[in-house]
Amino acid sequence: MAAWFETLGARTAEEAARRRFGLWSLGMFVLLLPPWWLWGADLAAAALRPLAGLAFRMFGLSGEIGVTADGGWIIGTRLTSGGVPVNYDLAETSIRRLLLGFPLALAFLTAPPRTTRPLKAAVVTILVLTLLFILSLASLIWGDLAAQLNPALAPPSAGARQALDQPPLHPILAQIAIIGRYIGMSVAPLIAAVVLWAALNPVGRSVIMADDSLKS
């Protein structure tokens, strides 16, 4: 298509390559986001739920995950309130947000100039984003639980919270959990997608950054 209309008036080949990358990434993400948000994320969450249940045991949770009628998760925590076991309710929208790294990474990795090893890129991307999803989930859960165990660290907007029987977390651990919660729910998917693209597509990285030394 006339080299994408000469890539909208770029003056140099490097500028044209950067514009093609940006336009493709943005367009692909806009196209992928609606079906991913409505169907793809739910399918991915269902496939990853058994793995998440196994991994949660390493983070001090029970590993039990139930599914609500609206698609959210009910996660066992091993904590109690008045002797009654406490479950953590995770909304479906939160699960979908934590999975946004997948369409973002796909948009970046399919943008020209593309990687010469697409199969390797796909496998590494799936493994890394799956690990990030589980770590982000654990951070989200413990970030909220830390605010309940350590009420002094809870933001003013949190309001009244359920009192738990267990002793407070160490302040440093509580702060790490709370900060991790916000990172996981905000910039982690974007950062992961950018880092994966840069690591798995050195040729594309060198073109976009105009540095041939980055090709290796």
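Across all C-alpha atoms in the chain, the radius of gyration and Dmax reach 20.9, 70 Å.
Helices from the chain with mean Kyte-Doolittle at least 0.5 and a Cα length along the axis of 30 Å or more, per DSSP H: which? Please list the in-between numbers first.
Values: long enough: 13-35 (34 Å, 0.43); 118-149 (45 Å, 1.85).
Result, helices passing both filters: 118-149.
Between Glu14 and Ser206, the simple spin-label model (points 7 angstrom out along Cα→Cβ) gives 1.3 nm.
Listed peptides 54-60, 70-76 appear in the order 70-76, 54-60 once ranked by packing, highest mean of other Cβ atoms within 10 Å at the front.
Our estimate of slack between Ile74 and Val124, defined as 0.36 nm per intervening residue step minus the Cα-Cα distance, is 15.1 nm.
Normalised by the number of residues in the range 13-209, the mean separation of alpha-carbon contacts (under 8 Å, six or more apart) gives a relative contact order of 25 percent. Among Leu153, Ala198, Gly83, whose Cα lies farthest out toward the positive end of the dipole of the chain, if unit charges sit on the beta carbon of Lys, Arg (+1) and Asp, Glu (-1)? Positive-end residue among those listed: Ala198. Average projection, convex hull of the Cα set of the range 51-94: 3.3 square nanometres.
The H on the amide N of Val67, modeled in the peptide plane, is under 5 Å from the matching H of Ile74, each at least 5 residues off or on a different chain. With the simple model of a label 7 Å out from the Cα in the direction of the Cβ, Arg117 to Val187 spans 2.9 nm.
Run the numbers for Asp89 and His170: contour at 0.36 nm per residue of separation, minus the present Cα-Cα distance, in nm. Numbers along the way, then the final one.
Working: separation 81, 0.36 × 81 = 29.16 nm, distance 2.38 nm.
Computed gain between Asp89 and His170 is 26.8 nm.
Computed per residue of the chain from DSSP H runs no shorter than four, each worth -39500 (n - 2.57), the mean residue ellipticity at 222 nm is -19500 deg cm²/dmol.
Label-to-label distance, Leu131 versus Leu51, with points set 7 angstrom from Cα along the beta-carbon direction: 1.1 nm.
In what sequence, highest mean first, do 185-197, 140-152 appear when ranked by Cβ atoms within 10 angstrom?
Details: 185-197: 17.5, 140-152: 20.2.
Descending mean neighbour count gives 140-152, 185-197.
The packing ranking, built from the mean of other Cβ atoms within 10 Å per residue, places the peptides 102-108, 175-181, 126-132 in the order 102-108, 175-181, 126-132, highest first.
Since every read-out is calculated from the coordinates, none of them should be taken as a lab result. Since the model is a prediction, treat every value here as computed from it, not as a measurement. A quick note on method: Cβ atoms are made from the backbone with ideal geometry, for glycine too, and the neighbour counts reach across all protein chains shown.
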